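This report refers to the structure that appears directly beneath it.
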Amino acid sequence: MTLAELSVEYRAHAQALDLRIAQLEHRLKGAKNADQRCLLQDRIRMLSTMLREARELAVLTERYYDRGYRRNAKYTI
């Protein structure tokens, strides 16, 4: 698998995460129980982190070989 192909996978993963976050936010609006709201907020927070990282990795793998691209220091060794 090439990095370009991998970037497509990261984008698809990010799209699925974005959809799930939207679903959970919709459920959060209707939640009345404080415990349920707390659980939903924690889940949304975790998925939001995963979404951000998937998007960052998609950009990294898309542009890895572009001349002049300044890589995210978070993902370099």
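The values are calculated or read from the model by the stated rules, or taken from the named source; none is laboratory data. Since the model is a prediction, treat every value here as computed from it, not as a measurement. Every residue, glycine among them, receives a Cβ derived from its backbone with ideal geometry; neighbour counts consider all protein chains shown. Heavy atoms of the whole protein, side chains included, go into the accessibility calculation; ligands, DNA and RNA do not. Shrake-Rupley method; radii C 1.70, N 1.55, O 1.52, S 1.80 Å.
Calculated FRET efficiency, R43 to A12, Cβ-Cβ distance, R0 = 22 Å: about 0.60 to the nearest 0.05. For Y10, the shell of other residues with beta-carbons less than 11 Å away shows a net charge of -3, using +1 for Lys and Arg and -1 for Asp and Glu. Sorting the segments 53-64, 30-41 by their residues' average number of neighbouring beta-carbon atoms within 10 angstrom, most packed first, yields 53-64, 30-41. In the context of the full set of protein chains, residues of the chain present 78 Å² of accessible surface per residue (probe radius 1.4 Å, heavy atoms only). Taking label points 7 Å from Cα along the Cα-to-Cβ direction, V59 and H26 give a separation of 2.9 nm. Relative to the current alpha-carbon distance between L19 and D35, full extension at 0.36 nm per residue lengthens the span by 3.5 nm.
Mind giving me the FRET efficiency for E5 and M50? R0 is 25 Å, r the Cβ-Cβ distance, nearest 0.05 is fine. Using R0 = 25 Å, I get an efficiency of 0.75. Taking only the Cα atoms of the chain, the radius of gyration and Dmax are 16.1, 52 Å.
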